[in-house]
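Worksheet: one structure, shown below.
The values are calculated or read from the model by the stated rules, or taken from the named source; none is laboratory data. Source: prediction; values computed, not measured. Don't worry about glycine lacking a Cβ; one is built from the backbone with ideal geometry, like all the others, and counts go over all protein chains shown.
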């Protein structure tokens, strides 16, 4: 390829040809240090923060826009209720991908105290592998999952896409919340107790059993792998009920859904969003016995793997016990795992050491 033809690129010191985007990317990568190539998974937090600093927020109706640890945008349309919006993709899972997409988007809406109302879905299907039956199955998963939680599927886009090895489903969910009931991760205050429902990592356990059963068969029986796969539904990756019970029981100051990067990333994001320090008792973090064995077999850290199904929340110290009791009375286990402290943004363990912030989800290594 002639690097002298075409328009000079900005910042690369070479002239790039007028070609398709894929060719341009190939040229740019050819001039990169291999260490600069980003790994599979979410962008590193420091890079993402730099990108978000360039986002202009001129519309006064945007109460909350993009930010580290902020799961949802919040828009004041002038109506009595605030509009809450979220977009999230499903990239690891292939089985029940439509059901997954509804749950993870609804989870983030629920962490604001809002009720999920509407969803749009963009479904990208792999070239040469997609049949009408596959498309139909995913469509049924989407519609049935939406109907089950009272969400209207109102639009989106579906296509067969070049270059994909597996389906990608991107969901956008909208919900509504009364102004006085809005909860954001920035609301955590010094003295608040940190609570966690169910345990971790529920979602990673289900994904490993469903997507990589051969790897787990080295350590687990077929019935144990089936039980791990069932984590998708029991204890389940939805936190809608967890969030509704918690906010009804006491003063919940922040909620967060520990997705990619697991509980460790979620704690760091909560600290950053609230501008506080978190002190965590790692021994108090509930890890189901089967989940622990699955993670050990796959060689991943239970605290650093995608963990939908657990709700991370902070509560006023006077109400934390009441919130825990209400959840447990409804059959949802809840543990107190730490305290919000005034101080620099960090996550510390009881011995004074810092909890490492995952560079990426531990599960991502297994999909490379």
Exercise for review: Please work out if residue 84 is touching a helix residue (DSSP H, G or I) at 6+ places or on another chain (Cβ under 9 Å), within 13 Å of residue 177 (Cα to Cα) and not in a loop (DSSP other than H, G, I, E, B).
Suggested key: yes
**Study point:** Among the candidates 261, 283, residue that is at positive phi and in the same structural domain as residue 204 (by TED's automatic domain parsing)
**Key:** 261
Check your understanding: Of the numbered conditions (1) outside any helix (DSSP H, G or I); (2) under 20 Å from the mean Cα position of the chain (by Cα), residue 317 satisfies every one except a single condition; which is it?
Key -> (2)
Practice item. List the number of the failed condition for residue 102; all other conditions in (1) under 30 Å from residue 186 (Cα atoms); (2) in a loop (DSSP other than H, G, I, E, B); (3) at pLDDT 95 or above hold. Key: (2)
Study note, to complete from the structure: Cβ pairs under 7 Å, 6+ apart or interchain, first in segment 99-128 and not assigned by TED's automatic domain parsing to the domain that holds residue 145, second surrounded by fewer than 23 Cβ atoms within 10 Å (Cβ to Cβ), ordered by first then second residue, are none
Review point. Any residue at all in segment 302-309 that is in contact (Cβ under 8 Å) with a residue 24 or more places away in the chain and either closer than 18 Å to residue 249 by Cβ or in contact with a strand residue (DSSP E or B) (Cβ under 6 Å, 6 or more places away or on another chain) (or both)?
Key: no
Exercise for review: Would you confirm whether any residue within segment 271-282 is outside any loop (DSSP other than H, G, I, E, B), within 16 Å of residue 114 (Cα to Cα) and more than 17 Å from the chain's Cα centre (by Cα)?
Suggested key: no
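Residue-wise test of (1) within 30 Å of residue 183 (Cβ to Cβ); (2) modelled with pLDDT of 80 or more; (3) loosely packed, with under 11 Cβ neighbours inside 10 Å.
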residue	(1), (2), (3)
4	no, no, yes
9	no, no, no
24	no, no, no
29	no, no, no
35	no, no, yes
63	yes, yes, no
66	yes, yes, no
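Listed here are the residues, each with its yes/no results for (1) farther than 25 Å from residue 242 by Cβ; (2) in contact with a helix residue (DSSP H, G or I) (Cβ under 7 Å, 6 or more places away or on another chain); (3) not in a helix (DSSP H, G or I).
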| site | (1), (2), (3) |
| --- | --- |
| 323 | no, yes, no |
| 326 | no, yes, no |
| 331 | no, no, yes |
| 339 | no, no, yes |
| 343 | yes, no, yes |
| 351 | yes, no, yes |
| 357 | no, yes, yes |
| 360 | yes, no, yes |
| 366 | yes, yes, no |
Review point. What residue, of 333, 288, is closer than 17 Å to residue 227 by Cβ and assigned by TED's automatic domain parsing to the domain that holds residue 189?
Key: 288
Practice item. Assess whether residue 323 counts as being within 22 Å of the chain's Cα centre (by Cα) and in the same structural domain as residue 213 (by TED's automatic domain parsing). Key: no
Practice item. Scan segment 336-348 for residues that are under 23 Å from the mean Cα position of the chain (by Cα) and either surrounded by fewer than 17 Cβ atoms within 10 Å (Cβ to Cβ) or under 17 Å from residue 185 (Cβ atoms) (or both) and jot them down. Key: 336, 337, 338, 339, 340, 345, 346, 347
Review point. Somewhere in segment 114-127, is a residue surrounded by fewer than 19 Cβ atoms within 10 Å (Cβ to Cβ), over 22 Å from the mean Cα position of the chain (by Cα) and more than 23 Å from residue 244 (Cβ to Cβ)?
Key: yes
Revision key, fill the gap. Okay, helices (runs of 4 or more DSSP H) sitting entirely in segment 130-248 with 1 or more residues that are in contact with a strand residue (DSSP E or B) (Cβ under 9 Å, 6 or more places away or on another chain) and buried (at least 22 other Cβ atoms within 10 Å of the Cβ), I get 132-149
